[in-house]
Amino acid sequence: MNIGVIGTGNIGTEHIRRLAGHVSGARPGAVFDVDTERAGAIAAAVGASVHREAHDVIDDPAVDAVLIASPGDTHAELVLACIAADKPVLCEKPLATTSGAALKVVEAEAAHGRRLVQVGFMRRYDPGYLQVKSVLDSGQIGEALMLHCVHRNPSVPPTFTTDMTLTDSVVHEIDVTRWLLDQEIVATTVLGGRQSPLAADGLRDPKLVLLETDAGVLVDVEIFVNARYGYDVRCELVGATGTVTLDTPSTGTVTRNGGRAQPIHPDWQERFSQAYVDELQAWVAGLARGVTGGPSVWDGYAATAVAEACISSRGTRTTVDLADRPSLYRSTP
Ligand code: NAD
Ligand code: ISE
């Protein structure tokens, strides 16, 4: 499979390297980035061609499938072009930055009649989250009652806004909640408490997000993007008869000088490195069989709709109103 990649920044470059060296059955064949120097450097490193426009990648007959890793506000339009060209696409999260734009993608793919789009919610491929899901599904801890989540980034670039803490970061917990519980989120309340002195001017950080599902499960998420000490993502799912915990993995305990240290991953790149490979490998294996699975555009739409409600909340309970779910998305692959 020849993969065309649009966006060669942080994650785009890493996905290209993974396609070149860690995913069987695929190679990065063509790339595009508005930063032509950046695109040229990674293309030269992996032997891919460089296109002049994003749409040239989508329309290239030598490109079997497209991977979109440009900024979130470019995604919906590019995914629509892939659907119009009947080309499979893995779109990094978020599917869109507004629910209106995401819904247009849902409608376009539903009208097309078969799935072409997978959304990059890679936590569904993380061995730790898979273990949490498997314990819940096995019935060992009874039915799910509550989910407690922590999502801490050491820092974010100056361009990272308060809205992005919800659309770019909490969107992962929103998807994990929907996927783990197989329930829709119907309401949210977001509280901004005491401000971190290390947060950039205008960035509200940290915050507490409360999500309510249609079955009444309460989910709390601490989002803190200036935690400094490392990348810390964990959760505890509380069931009727027990709990299952996803701890922050340690990268190796060091005992010396009368003390013991348990280093943790510095960033999402390292923490989820295996999940990204497994996500890409599953996508490519599906392409070879002519099947698209994994997180769908419905999942992308629902996640964006909840994130949008989080943005509107500002301390008050805000409901999430989803459109009708097309039959194409009624069973989770
Ligand atoms: P980045 O800023 O490092 O890279 C974005 C790249 O897109 C840049 O090279 C930029 O020049 C390029 N670009 C900008 N406009 C473009 C356009 N119109 N067409 C083509 N290229 C364009 O950002 P990033 O951290 O790599 O994030 C990219 C996307 O991946 C975002 O949607 C982000 O949410 C997502 N992401 C997902 C994860 C995850 O864990 N799944 C992690 C990081 C980023
Ligand atoms: C980033 O875009 C990601 O997707 C990471 O997984 C997340 O932890 C981070 O907060 C986002 O900015």
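The values are calculated or read from the model by the stated rules, or taken from the named source; none is laboratory data. Fair warning: this is a prediction, and the values are worked out from it, not measured in the lab. All Cβ positions, glycine included, derive from the backbone under ideal geometry; neighbour counts span all protein chains shown.
I'd like to check something: does the range 73-84 contain any residue that is modelled with pLDDT of 95 or more, within 10 Å of ligand 1 (Cβ to nearest atom), in the same structural domain as Arg18 (by TED's automatic domain parsing) and part of a loop (DSSP other than H, G, I, E, B)? The answer is no, given that none of the residues of the range 73-84 is modelled with pLDDT of 95 or more, within 10 Å of ligand 1 (Cβ to nearest atom), in the same structural domain as Arg18 (by TED's automatic domain parsing) and part of a loop (DSSP other than H, G, I, E, B). Cβ-Cβ distances below 7 Å connect the following pairs, each with a first residue in the range 53-64 that is more than 14 Å from Leu80 (Cα to Cα) and part of a loop (DSSP other than H, G, I, E, B), a second residue that is aromatic (Phe, Trp, Tyr) and modelled with pLDDT of 95 or more, and a separation of six or more residues or different chains: Glu53/Phe32. From the list Val291, Val225, the one residue that fits, being of a type in the set (Val, Ile, Thr) and either within 24 Å of Ser138 (Cβ to Cβ) or not assigned by TED's automatic domain parsing to the domain that holds Gln131 (or both), is Val291.
In this structure, does Arg18 turn out to be within 23 Å of Asp267 (Cβ to Cβ) and either surrounded by 23 or more Cβ atoms within 10 Å (Cβ to Cβ) or within 10 Å of ligand 1 (Cβ to nearest atom) (or both)?
On the way: within 23 Å of Asp267 (Cβ to Cβ): yes; either surrounded by 23 or more Cβ atoms within 10 Å (Cβ to Cβ) or within 10 Å of ligand 1 (Cβ to nearest atom) (or both): no.
No, not satisfied.
Can you confirm whether Leu19 is in a strand (DSSP E or B), within 20 Å of the chain's Cα centre (by Cα) and either within 15 Å of Val89 (Cα to Cα) or of a type in the set (Gly, Ala, Ser) (or both)? In short, no.
Here Asn2 meets each of (1) more than 9 Å from ligand 1 (Cβ to nearest atom); (2) touching a residue at least 12 places away in the same chain (Cβ under 8 Å); (3) under 21 Å from the mean Cα position of the chain (by Cα) with one exception, condition (3). Within the set Gly239, Gly252, the sole residue that is farther than 26 Å from His75 by Cβ and surrounded by fewer than 17 Cβ atoms within 10 Å (Cβ to Cβ) turns out to be Gly252.
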